[in-house]
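To keep things clear, I will list the structure first and then write my remarks on it.
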């Protein structure tokens, strides 16, 4: 089985929008001239619309939410709830289905800690895939001993994509939840999630999709996908850190017990008994990340302005170009990503450890991620201690990838290979 | 900062062709070292005779820096006493983390100089752990009393 494929794809057509123009909207590039930022999959840079919009919110509209009688608090609340509407619209959901969380990790933990004990019995199975980030593995492992459930792992195939035949075989009457990534963070593999939802629902299982790498790269329509839960992080789609969203299909949240107690999530409290809010508020104990939510909405508005299809076309173009440019260098192999790779390319250079590569790249101002990418089980499966990953954003250009390829050749020269 | 200060010829050479890179079948001490950040793994094998390092080897997978560091360490420490090994590690550790190590006793000065090619990492904070992993693992092997003790740096 050869998971490291030597790929030779011809560059695709021109980008769907002008990334050079867009770059000017990202102050980081003005402050760091020459920066070749190829680590968007770890965290995206922020456009001025988000940075300035956040400052403007603090300057003009800030107060705590859901409490004050005064108009400023009402205005802040309005903006916070409008942000929820924006997230909902972006995913084609309704606001009552959107919970603000710290990020995808917290979203998954919320489902694990709240939905898990309420709906899982000993002997039930949760089906994940080998492509998962630690955040979609560990929260389920933590339930294993507590609830007596099993974690089942769907393997990848020889091309690095999810083995759908094996997936279908592993899906059984005991599968109560399928938790898989929409786009894999290590390889950029686009997982056929619509098909997974169809198969899983037919088997009576709920489906949680990890949209961390998908939301920044392709249009996501949770209605069309039909999934039960969808999570993503704001900082990977041009928004602030510390904010993300959990989508839970209509009705699911009301059946789930609260997971954290405190202010804002309650209706009435007395020492004998407390009643809880319904819907998303039940899961937002304490003062929420108000500005984070507003920043996230600004980021999603920014992406909507560019257009989901245009972003996807741009990411696909850069991905094809990177496959071609890296594939042209002798000694470079790409980590397989199945039928479709989007937004990230993991690769190896013969004779040079990824950590050495990343240090050498840094001297050329090329920022990439080297390591296990928080996906140690996948790395073990691939038999690799680490890879080097280049990932793209709306501001990435073909020139960035040319600089990457040049840095690879420089590293090979330095190492004499 | 010139990359050549970090990747000197001697480092590249030891990284590509590590010395004493084998399992020591008659080892009486060993330890596994792991850098979870980059996935580097090293096992250091020792055959101690009283407090003298009668034989030393390593195996594992790592970057050029960690491999070269382990390789040079095994070359330098063969035949040394544990006290001398400890002095050299202290000197090396201070050099790469603080920029300067204490003066070495005259009979170890030459060994200290052999470690100089690795001290380029002091300008690359993210890589210091790579250069010290094998040494930390050696320390664990000595203390471990023959039982494998996992060592982690991150």
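The values are calculated or read from the model by the stated rules, or taken from the named source; none is laboratory data. Note that this is a predicted model, so its numbers are computed, not measured. In this analysis, Cβ positions are derived from the backbone assuming ideal geometry, glycine residues included, and neighbour counts consider all displayed protein chains.
Could you please let me know if residue A:395 is under 19 Å from the mean Cα position of the chain (by Cα), under 26 Å from residue A:20 (Cα atoms), surrounded by 20 or more Cβ atoms within 10 Å (Cβ to Cβ) and more than 14 Å from chain B (Cβ to nearest Cβ)? It is true that residue A:395 is under 19 Å from the mean Cα position of the chain (by Cα), under 26 Å from residue A:20 (Cα atoms), surrounded by 20 or more Cβ atoms within 10 Å (Cβ to Cβ) and more than 14 Å from chain B (Cβ to nearest Cβ).
Residue count for segment A:358-379, restricted to those that are under 20 Å from residue A:37 (Cα atoms), within 9 Å of chain B (Cβ to nearest Cβ) and in a helix (DSSP H, G or I): 5. Checked against the criterion of being farther than 29 Å from residue A:412 by Cα, in contact with a strand residue (DSSP E or B) (Cβ under 7 Å, 6 or more places away or on another chain), without any contact (Cβ under 8 Å) to a residue 24 or more places away in the chain and surrounded by fewer than 20 Cβ atoms within 10 Å (Cβ to Cβ), the candidates B:47, B:52 yield just one match: B:47. Listed conditions (1) closer than 20 Å to residue A:162 by Cα; (2) assigned to a helix (DSSP H, G or I); (3) in contact (Cβ under 8 Å) with a residue 12 or more places away in the chain are all met by residue A:412, apart from (1). Within segment A:332-355, can you find the residues that are surrounded by fewer than 22 Cβ atoms within 10 Å (Cβ to Cβ), touching a strand residue (DSSP E or B) at 6+ places or on another chain (Cβ under 9 Å), in a loop (DSSP other than H, G, I, E, B) and within 14 Å of chain B (Cβ to nearest Cβ)? Matches in segment A:332-355: A:350 only.
Determine if segment B:13-25 includes at least one residue that is within 13 Å of chain A (Cβ to nearest Cβ) and more than 24 Å from residue B:125 (Cα to Cα). Yes, segment B:13-25 contains at least one residue that is within 13 Å of chain A (Cβ to nearest Cβ) and more than 24 Å from residue B:125 (Cα to Cα).
For every residue, the table says whether it meets (1) assigned to a helix (DSSP H, G or I); (2) within 21 Å of residue A:205 (Cα to Cα); (3) out of contact with any strand residue (DSSP E or B) (no Cβ under 8 Å at 6 or more places or on another chain).
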{"residue": "A:82", "(1), (2), (3)": "yes, no, yes"}
{"residue": "A:89", "(1), (2), (3)": "yes, no, yes"}
{"residue": "A:106", "(1), (2), (3)": "yes, no, no"}
{"residue": "A:126", "(1), (2), (3)": "no, yes, no"}
{"residue": "A:159", "(1), (2), (3)": "no, no, no"}
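Taken over segment B:55-109, residues that are surrounded by fewer than 16 Cβ atoms within 10 Å (Cβ to Cβ), within 14 Å of chain A (Cβ to nearest Cβ) and within 13 Å of the chain's Cα centre (by Cα) amount to 0.
Residue count for segment A:161-185 under the criterion of being in a loop (DSSP other than H, G, I, E, B) and touching a residue at least 24 places away in the same chain (Cβ under 8 Å): the result is 8.
For the condition without any contact (Cβ under 8 Å) to a residue 12 or more places away in the chain and outside the structural domain of residue A:26 (by TED's automatic domain parsing), residue A:73 qualifies.
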